[in-house]
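Here is the structure we will look at.
The values are calculated or read from the model by the stated rules, or taken from the named source; none is laboratory data. The model shown is predicted, which means the values in this text are computed figures rather than measured ones. Quick note on the areas: whole protein, heavy atoms, side chains included, nothing else; ligands and nucleic acids left out. Shrake-Rupley method; radii C 1.70, N 1.55, O 1.52, S 1.80 Å.
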Amino acid sequence: MKFFVSVVMFFLLLNCFAAAQTLIRDSCKTAAAKDPNLKYDFCVQSLEQDPQSKTATSLSGLVLASTNNAASKIINVKGIVEIILKSKKYQPGTEPALRTCVELYDDANDSLKESLMNVKSDDYRSANVHLSAALDEPNTCEDGFKEKHAKSPVTNENNILFQKILIPLAFTNML
C-alpha cells in the first residue's frame, strides 16, 4: 500500500512539474509574440532555472516569480557596480555615471517592490506602471556612459536585467 501511494505521489509531482513547464513555455511564447524586445529563449531559460517559477500554477504566479527574479538581478548588478566603485577600477570620468547607476538600481528595486504589492492585490494596471518604470533604469544607466563617450562596465548585466524586468511586464500585459 505504501508503494502504491508513493507511486501516485511521484506521478502527481511529475504532472505538476510538466504543467509548470507548459505554463512557462506557453506564456513566454505568447509574450514574445506580443513584444518583439522579449527574447523567447531567454524567457524560458530564466524561468525554468527559477524554483519559484517552476511551482507557479497561473500567469499571475509567474508574474510574482519573475518579478522576484528581476529584483534579485537588480541587487546583483548593483553589487557589481559597488565593487567597481570600491576597487576604483573604472575609466576616468565615469565615477558619476557609476554612482548614478547605483541610484537607478535602488529606484528600480523600489518599483519592483511596488509592483509585487500591486500584483498581490490584483491591481495589474498599477503593476504595469511600476514595472515600466523599473524597465527604464538599465537603459538610463547605459545612457550615462554614452553621454561620457565611455564604455559601460555593466552593459551585459544591464541587458540581462532589461530582459528579466521585461518578462513580468509582458506577462502583466497579458492579464
Average accessible surface area per residue within the chain, 1.4 Å rolling probe, Å²: 56 Å²
For region 104-143, diffusion coefficient by Stokes-Einstein and Kirkwood Rh (Cα), 10 °C, 1.306 mPa s, µm²/s: 160 µm²/s
Fraction of accessible area attributable to carbon and sulfur, the chain (%, probe 1.4 Å): 57 percent
Estimated Rh, region 57-128: Kirkwood, alpha-carbon pairs, angstrom: 13.5 Å
Extent along principal axes [Cα atoms of the chain; Å; largest to smallest]: 71, 34, 27
